[in-house]
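The values are calculated or read from the model by the stated rules, or taken from the named source; none is laboratory data. In this text the structure is predicted, and so the values were computed from the model without any measurement. Positions of Cβ are generated from backbone atoms using ideal geometry, with glycine treated the same way; all protein chains shown enter the neighbour counts. Side chains are part of the model used for accessible areas, which takes the heavy atoms of the whole protein and leaves out ligands, DNA and RNA. Shrake-Rupley method; radii C 1.70, N 1.55, O 1.52, S 1.80 Å.
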Amino acid sequence: MPDYRPIPDDAMAEHGRITWYSFNAEGGVNDPEADTEERLERYWSFGERYGLFDGDDLLSVVTHHEFDGRLRGARIPLAGVGGVATPPEHRRRGHVGELLARSLADYRERGWPLSALRPFDEGFYGRYGWATGYRYHTATVDPAALSRAADLVGDEGQFVRLRPDDHERLHGAYDGWLAGVTLGTARDDDWWHDRTFQHFEGELFCYAWEQAGDVRGYLLYDVTDDRTLRTHEVAAADREAYLHLLRFCRNHDSQVEEVELVGPEADRVLAVVDRDAVTVEARSGHMVRIVDVPAALSAPSYPVDARVVLDVRDDVADWNDDRFALAVADGAATVERTDDPADATVGIGTLSQLLVGHLPVERARVVGSLDVEDEATAETLAALFPTTDAYLPESF
């Protein structure tokens, strides 16, 4: 059996070659060691790099990130799965499946109850229990069409350009933007400085809207060669701040032909812009997966008191492939293994979607793997797991 272990320093160059080929093959042959730019070194310094080894041969790699994420009113350790890659000579031998299974066992040992990843293909990771955790939107609009936002708010306050060292000024607007949003993360200083403000190609522009010295919204963006202002974060603590950010984008009408507004709140721009002037594309965001059923289901607060027995199916993490009693009293949950008859049967992917609030119970019965014994159970589950807003703004 291949060995799962941290990648030692003397194998980091090989790790770099594997990930470069997997994610940047169109760039041609490249030795990542030759790129010594300090900014990029800091950008790629996050996370723990692990690999699957056959002796000294590196078969497959992954990077583990720990985030402080939100889950229905609670804060939980969230495992970010990044940089999964296998060189072509070792592909189609089951190495990724083995690596993911060993990673899940590792996360369980660390006490990380929920995981997330950005897939290259949803079907591929669906085999291993991950499922879509939310959808976000890209709204493309002519900047001139944003004039109504300016008309609604006038020119109050001011826009200021901020740099990575100024990131503390953004924290209040960021927290207000994602208040109550499942999966929203708490960032540390290094992540703000070296990841949030950065892109592969360079530092992002950051402009904040402030009033009386208080930053209430900000934009992180770049401008592409085809004259598109491409946002990476449109973070506004309230509607007024959001309208001012749209006004800022409008002010680029002499420089760019289009503005791309990326995020979870397409309804905000549709409430301001003529619908004929904007194109909104819904896209799948990160996929999520419960690492450990008792730890994950007992973490959040629940809106109702109830007891339900779930027969959970998990073909990868056998510790989850069992029957669990979820009991909620005064909003707090306990989860225990049980031999009681099941009220519902559910696959780990669908259960993960219910937990983060992406999939309503009725849809989970149609498009997911949820099978309930009776309608009373369906009503109980719908009360326990109402849909919620979810968004994970991090790239990893």
Handout entry: Those residues of the range 129-173 which are out of contact with any helix residue (DSSP H, G or I) (no Cβ under 6 Å at 6 or more places or on another chain), closer than 30 Å to Leu99 by Cα and not aromatic (Phe, Trp, Tyr), in sequence order
Key = Thr132, Arg135
Exercise for the section: Considering every residue within the range 154-161, establish whether at least one is farther than 24 Å from Tyr218 by Cα and open to solvent by 40 Å² or more (accessible area, probe 1.4 Å). Expected result: no
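For every residue, the table says whether it meets (1) within 25 Å of the chain's Cα centre (by Cα); (2) within 24 Å of Trp130 (Cβ to Cβ).
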residue: Leu270; (1), (2): yes, no
residue: Arg275; (1), (2): no, no
residue: Ala282; (1), (2): yes, yes
residue: Asp292; (1), (2): yes, yes
residue: Ala296; (1), (2): yes, yes
residue: Pro300; (1), (2): yes, yes
residue: Ala306; (1), (2): no, no
residue: Val309; (1), (2): no, no
residue: Phe324; (1), (2): no, yes
Fill in the blank from the handout: Expected single match for free of Cβ contacts under 8 Å to residues at least 24 places away in the same chain, open to solvent by 50 Å² or more (accessible area, probe 1.4 Å) and not in a strand (DSSP E or B) among Asp267, Asp190, Asp226, Asp253 is Asp267
Completion exercise
Sole miss for Ala383 among (1) buried (at least 23 other Cβ atoms within 10 Å of the Cβ); (2) out of contact with any Lys or Arg (no Cβ under 7 Å at 6 or more places or on another chain); (3) among the small types (Gly, Ala, Ser) is condition (1)
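Table: residues versus (1) farther than 21 Å from Ala333 by Cα; (2) not hydroxyl-bearing (Ser, Thr, Tyr).
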| site | (1), (2) |
| --- | --- |
| Ser352 | no, no |
| Glu362 | yes, yes |
| Gly368 | yes, yes |
| Asp371 | yes, yes |
| Asp374 | yes, yes |
| Glu379 | no, yes |
| Phe385 | no, yes |
| Thr388 | no, no |
| Phe396 | yes, yes |
Exercise for the section: Sort out which residues of the range 163-187 are open to solvent by less than 50 Å² (accessible area, probe 1.4 Å) and closer than 17 Å to Arg39 by Cα, and write them in order of number. Expected result: Pro164, His167
Completion exercise
The condition from (1) among the hydrophobic types (A, V, I, L, M, F, W, C); (2) at pLDDT 95 or above; (3) not in a helix (DSSP H, G or I) that Ala282 misses is numbered (2)
Completion exercise
Taking the range 98-124 and keeping only residues that are under 15 Å from the mean Cα position of the chain (by Cα) and of a type in the set (Ser, Thr, Tyr), one is left with Ser115
Completion exercise
Per the list (1) within 21 Å of the chain's Cα centre (by Cα); (2) surrounded by fewer than 14 Cβ atoms within 10 Å (Cβ to Cβ), residue check on Ala236 breaks on (2)
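For (1) of a type in the set (Phe, Trp, Tyr); (2) closer than 29 Å to Ala277 by Cα, each residue gets a yes or a no:
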residue	(1), (2)
Gly73	no, no
Trp112	yes, no
Ala150	no, yes
Val153	no, yes
Tyr174	yes, yes
Exercise for the section: Scan the range 270-277 and give yes if some residue there is open to solvent by less than 50 Å² (accessible area, probe 1.4 Å), in contact with a helix residue (DSSP H, G or I) (Cβ under 6 Å, 6 or more places away or on another chain) and not in a helix (DSSP H, G or I), otherwise no. Expected result: yes
Fill in the blank from the handout: If we keep only residues of the range 36-56 that are of a type in the set (Lys, Arg) and open to solvent by 40 Å² or more (accessible area, probe 1.4 Å), then the residue modelled with the lowest pLDDT is Arg42
Practice task
Would you tally the residues in the range 278-290 being surrounded by fewer than 18 Cβ atoms within 10 Å (Cβ to Cβ) and aliphatic (A, V, I, L, M)?
Solution key: 2
Exercise for the section: Within the range 224-261, track down each residue that is modelled with pLDDT under 95 and of a type in the set (Val, Ile, Thr). Expected result: Thr224
Problem - Subset of the range 304-338 that is closer than 14 Å to Phe385 by Cα and not aliphatic (A, V, I, L, M) - its residue that is least open to solvent (accessible area, probe 1.4 Å) - result: Gly331
Completion exercise
Of the residues in the range 236-250, those that are of a type in the set (Asp, Glu) and either more than 15 Å from Phe159 (Cβ to Cβ) or not in a helix (DSSP H, G or I) (or both) come to Asp238
Exercise for the section: Hand me the list of helices (runs of 4 or more DSSP H) wholly inside the range 78-166 holding 1 or more residues that are more than 28 Å from Leu355 (Cβ to Cβ). Expected result: 95-110, 147-153
Handout entry: Total residues in the range 146-174, condition modelled with pLDDT of 95 or more and among the β-branched types (Val, Ile, Thr)
Key = 1
Practice task
Look at Tyr242 and say whether it is touching a residue at least 12 places away in the same chain (Cβ under 8 Å), of a type in the set (Phe, Trp, Tyr), surrounded by 16 or more Cβ atoms within 10 Å (Cβ to Cβ) and out of contact with any helix residue (DSSP H, G or I) (no Cβ under 8 Å at 6 or more places or on another chain).
Solution key: no
